Amino acid sequence: MKIKNFKTAYIFSIMTLGFLSVSCEKVVQLDLNEIEETYIIDGMVSNIQDYNYVKLSKLAGFYDNQVGEGVSGANVVVEDEDGNVFTLTETSQGLYTNPLLIGQALKKYNLTIEVGNETITAQTSIPGNIEIDTIEIQEVTSPFFAGDFVGFVYWIDDASAENFYRIRAFENSKKTSPLYISSDVLYNGIRTGTPLFTNELYLNDTLRIELMQIDKQNYNYWTSLAQNADVQNPPAAPGNPEGNIVGTNATGFFGGYNIAIDTVIVE
């Protein structure tokens, strides 16, 4: 694809690698079954209809660091700053949606969940609009890459505000990218690109890019997850991430996203 004449900054987003540690010391686990179960919230409101949902699950036991089964029977409501109320219904176990809920840029949204004896709340906002400028495919011959091609995604940062981004990449409809997150501290107001080095691309493959603009609180949450979890499929709870969920036994995040989506075929 033809590259427009903008000054371009390349960024390398945060990616977490897991390391295997080996020890000859005996690990002793205390009996902590009396710890109350924790509700895990993974919610988002965005400008894309299919990307508005709340996933409610639970985590039980001190040593359990993976999200458990979905929680049914909750009352889940999202309200925007104009007073419009959207009641979400359970479409599968623990997944709550409303097809009428489509987020708008520069608006605030409140989440309220009533489950068991708990009332859980959160507030988020959707940043301004974002567009993908270009997706570029480059052929590679290095033995360090599993595929024959590497994808690059470019966008133009808005100089008038502090901006934060999250990127998801899908190969042939399968999400294969780790967690790409960044802030514009090094590229404020200029054309910016990031390589998607972990994607294994070959001829005729389809690469789908989701470029998400997020707020600072959302950025901090994903940064803390990247430092404490497997970010290929990160759970919502481990490592005490900086979430925005308010509740006695609840954690996770309810985030606002302004999303741009584009797809290219490797030719």
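The values are calculated or read from the model by the stated rules, or taken from the named source; none is laboratory data. Treat the numbers as computed from the prediction; the structure is a model and nothing was measured. Reconstructed Cβ throughout: ideal geometry from the backbone, glycine too, with neighbour counts over all protein chains shown.
Structural remarks
- Index of the failed condition, Ser173 passing every other in (1) at pLDDT below 90; (2) more than 20 Å from the chain's Cα centre (by Cα): (2)
- Considering each residue of region 125-145 in turn, at least one proves to be farther than 30 Å from Glu37 by Cα and of a type in the set (Gly, Ala, Ser).
- Exclusive hit being of a type outside the set (Phe, Trp, Tyr), farther than 30 Å from Asp82 by Cα and crowded, with 16+ Cβ neighbours inside 10 Å, set Ser142, Ser125, Ser182: Ser182
Listed here are the residues, each with its yes/no results for (1) within 16 Å of Gln213 (Cβ to Cβ); (2) touching a Gly at 6+ places or on another chain (Cβ under 6 Å); (3) without any contact (Cβ under 8 Å) to a residue 40 or more places away in the chain.
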| residue | (1), (2), (3) |
| --- | --- |
| Leu100 | no, no, yes |
| Ile126 | yes, yes, no |
| Thr141 | no, no, yes |
| Phe144 | no, no, yes |
| Tyr154 | yes, yes, no |
| Ser160 | yes, no, yes |
| Phe164 | yes, no, no |
| Ile167 | yes, no, no |
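- Residue within region 157-170 that is closer than 26 Å to Glu267 by Cβ and aromatic (Phe, Trp, Tyr) present: yes
Listed here are the residues, each with its yes/no results for (1) more than 21 Å from the chain's Cα centre (by Cα); (2) at pLDDT 95 or above; (3) surrounded by 19 or more Cβ atoms within 10 Å (Cβ to Cβ).
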position: Asp82; (1), (2), (3): yes, yes, no
position: Tyr96; (1), (2), (3): no, yes, yes
position: Pro99; (1), (2), (3): no, yes, no
position: Gln104; (1), (2), (3): no, yes, no
position: Lys108; (1), (2), (3): no, yes, no
position: Asn117; (1), (2), (3): yes, no, no
position: Thr121; (1), (2), (3): no, yes, no
